[in-house]
Every structure is written in C-alpha cells, then in structure tokens.
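Only one structure is covered here, and it is reproduced in the block below.
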Amino acid sequence: MSATLTGPQKAAVVLAQLVAPALDLSVFTGSSAAVPVRPDLEAMTVPAIAAIVLIVIITTAQNVLTRRRTKTGVLRLDEGR
C-alpha cells in the first residue's frame, strides 16, 4: 500500500517543480512578488493517511455486512452482476 501512496506523491513533487515557473500565484496573495510553489510533506501525507483510514473503514464495513449473510447468500453475491 505504501507504493500506492508514494508514487502519486513523487509525481506531485515533480509536477510542482515543472509547473512552478509558469504558475502566477501572486494573484491570490495580492502582492506583485513571485510566490514560490513548495509542496511540503505534511500537506501530502495528511490526505494520504485520511484515504487509508477511509479505505480501512469501508473495507471493514463491507466485510462485516458480507459475513452477516448466509453461506448461500455469499456464494450468490457474484450472480447479480
């Protein structure tokens, strides 16, 4: 799972470095000085951790709901597709 998270983070860092010269973020700050684009570890890690927590919660809920069914109901889960 860590490879799933580190790949997009590395891509975001590279993309930020490539696109940073073309971005003009001074519009949002109201100053005429250039605003540097610096992705930090915290801004990229917090959403990744939140995604992991959400995935674990959803997977656990689906597992609990599936196990409540009878064995024949579980076997027929794939028939509805």
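What follows draws every value from the coordinates through simple rules; no lab data is involved. Owing to the predicted nature of the structure, the values given are computational and were not obtained by experimental measurement. We place every Cβ from the backbone using ideal geometry, glycine too, and count neighbours over all the protein chains shown.
Which residue pairs have Cβ atoms closer than 8 Å, lie 6 or more positions apart in sequence or on different chains, and pair a first residue in the stretch 15-40 that is outside any loop (DSSP other than H, G, I, E, B) with a second residue that is polar (S, T, N, Q)?
Ser26/Ser32
When you scan the stretch 1-12, do you find a residue that is more than 12 Å from the chain's Cα centre (by Cα) and surrounded by 12 or more Cβ atoms within 10 Å (Cβ to Cβ), even just one?
For the stretch 1-12, residues more than 12 Å from the chain's Cα centre (by Cα) and surrounded by 12 or more Cβ atoms within 10 Å (Cβ to Cβ): absent.
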